[in-house]
Amino acid sequence: MIRILLLDDEPAVLDITSAYLSKQEGYHVRTVDTVKGAKLLLSQFPIDVIVADYAMPDTDGISFLKSLRKTGITIPFIFFTGRGTEDIVIEALNEGADYYIRKGEENSVVLQKLVDSINKIVDNKRSHNELILNEHRYRELAERQTDYVNYIQALLDSIPAPVFYRDVDGIYRDCNKAFENLVGLKKYSIIGRNIHDFYPKELADHYRYMDDLIIKNPYNQQYEYFITNSKGEYSDVLFSKSALLSSTGEVAGIVGVILDITDRKKLERIIIENEEKYRTLADFTYDWESWISPTGKFLYISPSCERITGYTVQDFSDEPDLIIKMVHPEDRQLIERHYSNAPLNHEGVHHMDYRIFTKQSEERWISHYCQSVFRDDGTWLGRRENKRDITHRKQVTAAYERANMKLHLLSSITRHDILNQLTVLNGLTDLLSEFDNNPDIHTILNRMIKTIDTINSQISFTKVYQEIGVTAPKWQHVPTVIARASKGSQIPHIEVDKHLSDLYILADPFLEKIFFCLFDNSERHGKRVSIAKFSCNKEENQISLIYEDDGIGIADHEKEKIFERGFGSNTGYGLFLTREIASISGFSIQETGEYGKGVRFEISIPNGSWSTGMHEQNGLIIRD
């Protein structure tokens, strides 16, 4: 094995010459572009022949040769240069150079001269007997060393992160491909240079300071900082460095790895910004927001809890049962049952109103909404809660109910008194009709009686109208309500579609009056009605409850007028009431039948006001 150190400051010459020599059997070539780097390699690796250019950036070739000879290094030396006069050639040979080869000729010719010169030097240097005795051992050792060196270099180059080795003076001794890419130079241009040759002074001084910490007290050092690449671009990196010890245990240098964490730092900044954004949004919300984990523990409580309850976030964290303890005794069982189910994965929104006592012992009403939350992959993350102070709303509602009750009472008393007076007036007119046989007076009395009947009818209507919307809406089983409304109906056949068998709707308790009015309208105006049918159509945002008969129907120009108060014969209050009751429940009603074929009333019921997942138990409507 012939080990060659090739020294030249022209990268093209280094690449071409190194490639040519490496093809020769038994040649192993190391390249470098400075005299300083060459000296480092000589101190690290055994070299058989030095091939050097005359002119170098840090010193000339002859000075390099002289320095070697003064220190007793007798390694054969070949000048391979395109420069120099005859005097320089003579001086070089006098200083101990073995050959002086000019580059001026064709590459293949001059490179072959170089190979021949190297071979002659090796032949002259080693005697034939010495080569025979040591060739086998030398070849085996050299191959092992070469294989190991190649393995280490391949291992380094396979690492995507830059790896470097600097001595205690900050001079680069070795590096991998990733480090070459980082600084934008080949290894032979890196070895022999120091930190300040590659980085701005501010960065280089900091790197040197961190190296000195390891040199003075060896330890595994990791820290985040930033670097500049060959394009002058800054990158966030993680340095991981350790001291390299010599055989005597002294620090010989620093070995380090540079991990690019630019993307991670960007992601961290995004996460911090988003966390700050959402934390600000949650912390400054007016309502009391919270998040319960799948195990039932509070992961987050917004500071607004103190505004509503007087208790701080820390109070709830220190005493998890406080959320239940502050509840009004009459509502506590409801809340205990709710939070005992908190670890369960329930889809949909849950709502309830309940009372609490604040830290100052004030009673307040809370409106509570919660629902399960999930990650994009479907993982259940627990439940989000929203609590709102609705004390004022409850007070206003209670005041409204009291006022409404008073008005209701006043209306009932007034109506009762008027009806009593009408009864008296009606009796007096009957008496007058018996005392006088004058036809004109009887005509007047008949008109008075009709007027009294009309007033009586109108007063009675106010009683019915007064009751609409007074009581809260409730869930009602449609087929059951239809059955009650149809009692006493003279229609021969009443059909209810099987699809309505499990239908419940949330409506005013006067829902039965709607169906009664529809039956009454068919009997009064249908003339030939023999059958009435109920069915439904399900649409995207609602269902339509449909009532049809086989009577004469309603003319197109009267389809809207029939819902007006007093329209048509027989008072016309029926369909007017039907629309009012539907409206108070959030429904709409219209007539869409074809005249001559019967009526078709469509009652539109929005989503949220109808359900099929319920049943009745002990007089209560319960969701399945």
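The values are calculated or read from the model by the stated rules, or taken from the named source; none is laboratory data. Note that the coordinates shown come from a computational prediction; the quantities given were computed from them, not determined experimentally. All Cβ positions, even for glycine, are placed from backbone atoms using ideal geometry, and neighbour counts span all protein chains on display.
Before moving on, here are some points about what is shown:
- Looking only at the stretch 347-386, and only at residues there that are within 19 Å of the chain's Cα centre (by Cα) and touching a residue at least 40 places away in the same chain (Cβ under 8 Å), the one that is farthest from residue 309 (Cα to Cα): 380
- Check on residue 317, hydroxyl-bearing (Ser, Thr, Tyr), out of contact with any Leu (no Cβ under 9 Å at 6 or more places or on another chain) and touching a residue at least 12 places away in the same chain (Cβ under 8 Å): yes
- Output for the stretch 521-566, where each listed residue is assigned to a helix (DSSP H, G or I) and of a type in the set (S, T, N, Q): 521, 522
- The lone exception for residue 104 - which of (1) without any contact (Cβ under 8 Å) to a residue 12 or more places away in the chain; (2) in a loop (DSSP other than H, G, I, E, B); (3) over 21 Å from residue 125 (Cβ atoms) it fails: (1)
- Lone unmet requirement of (1) closer than 11 Å to residue 327 by Cα; (2) in contact with a helix residue (DSSP H, G or I) (Cβ under 8 Å, 6 or more places away or on another chain) for residue 389: (1)
- Any hit, the stretch 25-34, residues being among the aliphatic types (A, V, I, L, M) and touching a Leu at 6+ places or on another chain (Cβ under 7 Å): yes
- Matching residues, the stretch 60-119, being touching a Pro at 6+ places or on another chain (Cβ under 7 Å) and at pLDDT below 85: none
- Residue list for the stretch 344-385, filter: at pLDDT below 90, buried (at least 16 other Cβ atoms within 10 Å of the Cβ) and of a type in the set (Ser, Thr, Tyr): 372
- Within the stretch 579-598, considering residues that are among the polar types (S, T, N, Q) and modelled with pLDDT of 85 or more, the one nearest to residue 509 (Cα to Cα): 583
- Tabulated pairs, the stretch 268-292, first closer than 19 Å to residue 371 by Cα and among the hydrophobic types (A, V, I, L, M, F, W, C), second assigned to a helix (DSSP H, G or I) and modelled with pLDDT of 70 or more, C-beta under 7 angstrom, 6+ apart or interchain: 288/305; 288/308
- Filtered residues of the stretch 480-498 (kept if at pLDDT below 90, at negative phi and not hydroxyl-bearing (Ser, Thr, Tyr)): 484, 485, 487, 490
- Looking across the stretch 502-559, the residues that are within 19 Å of residue 484 (Cβ to Cβ) and in contact with a Pro (Cβ under 6 Å, 6 or more places away or on another chain) come down to 506, 507, 508.
- Under the condition of being under 24 Å from residue 261 (Cα atoms) and in contact with a strand residue (DSSP E or B) (Cβ under 8 Å, 6 or more places away or on another chain), the residues counted in the stretch 146-179 number 14.
- When we screen 242, 247 for residues that are surrounded by 12 or more Cβ atoms within 10 Å (Cβ to Cβ), under 30 Å from residue 29 (Cα atoms) and outside the structural domain of residue 367 (by TED's automatic domain parsing), the only hit is 242.
- Here residue 207 meets each of (1) more than 22 Å from residue 191 (Cα to Cα); (2) under 41 Å from the mean Cα position of the chain (by Cα); (3) of a type outside the set (Lys, Arg); (4) at pLDDT 80 or above with one exception, condition (1).
- In the stretch 161-186, the qualifying residues are those that are more than 19 Å from residue 243 (Cα to Cα) and surrounded by fewer than 21 Cβ atoms within 10 Å (Cβ to Cβ), and the one that is farthest from the chain's Cα centre (by Cα) is 186.
- Just so you know, in the stretch 136-151 the residues that are exposed (fewer than 14 other Cβ atoms within 10 Å of the Cβ) and either modelled with pLDDT of 80 or more or among the aromatic types (Phe, Trp, Tyr) (or both) include one that is farthest from the chain's Cα centre (by Cα), and it is 148.
- Scanning the stretch 501-526 for residues that are under 15 Å from residue 543 (Cβ atoms) and either surrounded by fewer than 17 Cβ atoms within 10 Å (Cβ to Cβ) or at pLDDT below 85 (or both) yields a total of 2.
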